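Colleague: What follows is a structure written as structure tokens; I'll ask about it next.
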Amino acid sequence: MTPLHRIEERLHALTFRQALGLVVGANLFLVALALALPADGEMRGPAVLSILGNFHILALHIPAAVLLVVPLFEFFERHEHATATVRRLSVFSAAGTWTAVFCGILHAHYNGFAGDAVQLHLWGGIAASAFAGLASLALSKEFRVRLAAQAVAIGVMGFAAHIGGELVHEEGFPFKPNKVAAPKQDPADRTVTISQKRDDYTQVVRPILEAHCVSCHGAKKVKGKLRMDSLEALKKGGSDGPAFTAGDLKKSGMFARITLDPKDDDFMPPKEEKPLTKEQTQAIGLWIEGKPIPDDIAKAALEATKAAKK
Ligand code: HEC
């Protein structure tokens, strides 16, 4: 008898109530862990927990795939009682989901993630783990009940996975083609049109912010509680209030920060990053003042933006 067989026997010997207690307890532990180790955007040590966190990205694919395979085997084997294969796969997918979420909570806390999308992904993941657990509890029930429980678990997992996919790739993933296939998607790649017809925010300012600021002020990381990936987010602002006040450069934190002495601690982007060029800074300033950005400044600013993206 292998150790795995022994574990299986132990699980098999549990009463329904005991098994329910196990699933509820294990997932309440995840809730407690997520509350104790919040996703606050700070990076921290020790290295071993940071690395264990990174394993989230690896670990999550296994239970996601197995969870999908369980109903497939149910259909192949179509028994009133769950077969040994279905049982093993289902329990394995629940344990695997739990493990992936456990690593995910560490990943968010130790590796500097924060923001609404991260929160949604995190709690969605915990829900997926709970539903995968409930689906394996349903193994003692009839065929239809088992299938229904598995379908719900797959649905919740699919939702959490989708948000996770958007975090790693970009919004709209996987339904958005690449830039070459859909050239109009990227404003920075469009030729600059004459000032009157140009929407300075979408065509000039947003691409600059996306290239230089959104890595720390976007869906994944929200430094200073400020997101800069949409106009609404800029207006909403961060811990110091709105990022800009239309028509008033002095009351515009985002302009103040990019025009400080680069040696100043508050200068943005922070020291280790490439500072904005003169034209990029001018373009942002003119836009805040509500003045059209002249074509030559817009062009130079966007060229520097494209160079920074490479
Ligand atoms: C490498 C990460 C990083 C990048 C890139 C970055 N920032 Fe920041 N930003 C921070 C951190 C950390 C804070 C919070 C500490 C502070 O207030 O200085 C912050 C805070 C801010 C704040 C204050 C927010 C508030 O309300 O408290 C503004 C405004 C800001 N950044 C603007 C920018 C702009 C504009 C860019 C792009 C040109 C940029 N940042 C790029 C890390 C970054």
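The values are calculated or read from the model by the stated rules, or taken from the named source; none is laboratory data. Quick caveat, the model's predicted, so the values are computed rather than measured. Note that we place each Cβ from the backbone using ideal geometry, even for glycine, and neighbour counts take in every protein chain shown. Quick note on the areas: whole protein, heavy atoms, side chains included, nothing else; ligands and nucleic acids left out. Shrake-Rupley method; radii C 1.70, N 1.55, O 1.52, S 1.80 Å.
Colleague: Filter the stretch 92-119 for residues that are crowded, with 21+ Cβ neighbours inside 10 Å and within 17 Å of Ala138 (Cβ to Cβ) and give the result.
Modeller: Result: Ser93, Ala94, Thr97, Trp98.
Colleague: Let me ask something additional. Specify which of the listed residues (Ala153, Ala135, Ala148) is assigned to a helix (DSSP H, G or I) and open to solvent by 10 Å² or more (accessible area, probe 1.4 Å).
Modeller: On inspection, the qualifying residue turns out to be Ala148.
Colleague: Kindly establish whether Pro269 is of a type outside the set (Phe, Trp, Tyr), more than 13 Å from the ligand (Cβ to nearest atom) and within 22 Å of Lys251 (Cβ to Cβ). Please lay out each step first, then the result.
Modeller: Values: of a type outside the set (Phe, Trp, Tyr): yes; more than 13 Å from the ligand (Cβ to nearest atom): no; within 22 Å of Lys251 (Cβ to Cβ): yes.
Taking the combined requirement at face value, the residue does not satisfy it.
Colleague: Could you list, in sequence order, all residues of the stretch 230-258 that are open to solvent by less than 40 Å² (accessible area, probe 1.4 Å), outside any helix (DSSP H, G or I) and within 12 Å of the ligand (Cβ to nearest atom)?
Modeller: Gly237, Gly238, Gly241, Ala243, Phe244, Ser252
Colleague: Identify the single condition in (1) more than 30 Å from Gly224 (Cβ to Cβ); (2) open to solvent by 70 Å² or more (accessible area, probe 1.4 Å) that Glu74 does not satisfy, given that it satisfies every other one.
Modeller: Failed condition: (2).
Colleague: Filter the stretch 198-227 down to the residues that are free of Cβ contacts under 8 Å to residues at least 12 places away in the same chain and near the ligand (Cβ under 10 Å from one of its atoms) and list them by number. Spell out the reasoning first.
Modeller: Step one: of the stretch 198-227, the residues free of Cβ contacts under 8 Å to residues at least 12 places away in the same chain are 199, 215.
If the condition is that a residue be free of Cβ contacts under 8 Å to residues at least 12 places away in the same chain and near the ligand (Cβ under 10 Å from one of its atoms), then Ser215 is the only one that fits.
Colleague: Can you say whether Ala308 is in a helix (DSSP H, G or I) and either of a type in the set (Asp, Glu) or under 13 Å from Leu209 (Cα atoms) (or both), as far as the supplied structure shows?
Modeller: Yes; evaluated as a whole, the condition is true for this residue.
Colleague: Still on this structure, I have one more. Would you tally the residues in the stretch 22-56 being open to solvent by less than 80 Å² (accessible area, probe 1.4 Å) and not in a loop (DSSP other than H, G, I, E, B)?
Modeller: Qualifying residue count, the stretch 22-56: 18.
Colleague: Would you check if Ala128 is small (Gly, Ala, Ser), assigned to a helix (DSSP H, G or I) and open to solvent by less than 60 Å² (accessible area, probe 1.4 Å)? Outline the logic, then answer.
Modeller: Working: small (Gly, Ala, Ser): yes; assigned to a helix (DSSP H, G or I): yes; open to solvent by less than 60 Å² (accessible area, probe 1.4 Å): yes.
For Ala128, the condition - small (Gly, Ala, Ser), assigned to a helix (DSSP H, G or I) and open to solvent by less than 60 Å² (accessible area, probe 1.4 Å) - is met.
Colleague: Here is a follow-up. Determine whether Met268 is within 30 Å of Ala108 (Cα to Cα), free of Cβ contacts under 8 Å to residues at least 40 places away in the same chain and in contact with a helix residue (DSSP H, G or I) (Cβ under 8 Å, 6 or more places away or on another chain).
Modeller: Judged against the criteria, Met268 is not a match.
Colleague: Being closer than 14 Å to Val204 by Cβ and in contact with a Phe, Trp or Tyr (Cβ under 7 Å, 6 or more places away or on another chain) is the filter; apply it to the stretch 259-310 and report the residue that is surrounded by the fewest Cβ atoms within 10 Å (Cβ to Cβ).
Modeller: It comes out as Gly285.
Colleague: What residue, among those in the stretch 111-144 that are among the hydroxyl-bearing types (Ser, Thr, Tyr) and modelled with pLDDT of 95 or more, is nearest to Met43 (Cα to Cα)? Don't jump to the end; show me each part of the working.
Modeller: First, pick out the residues of the stretch 111-144 that are among the hydroxyl-bearing types (Ser, Thr, Tyr): 129, 136, 140.
Still in the running and modelled with pLDDT of 95 or more: 129, 136.
Details: Ser129: 25, Ser136: 36 Å.
So, considering only residues that are among the hydroxyl-bearing types (Ser, Thr, Tyr) and modelled with pLDDT of 95 or more, the one nearest to Met43 (Cα to Cα) is Ser129.
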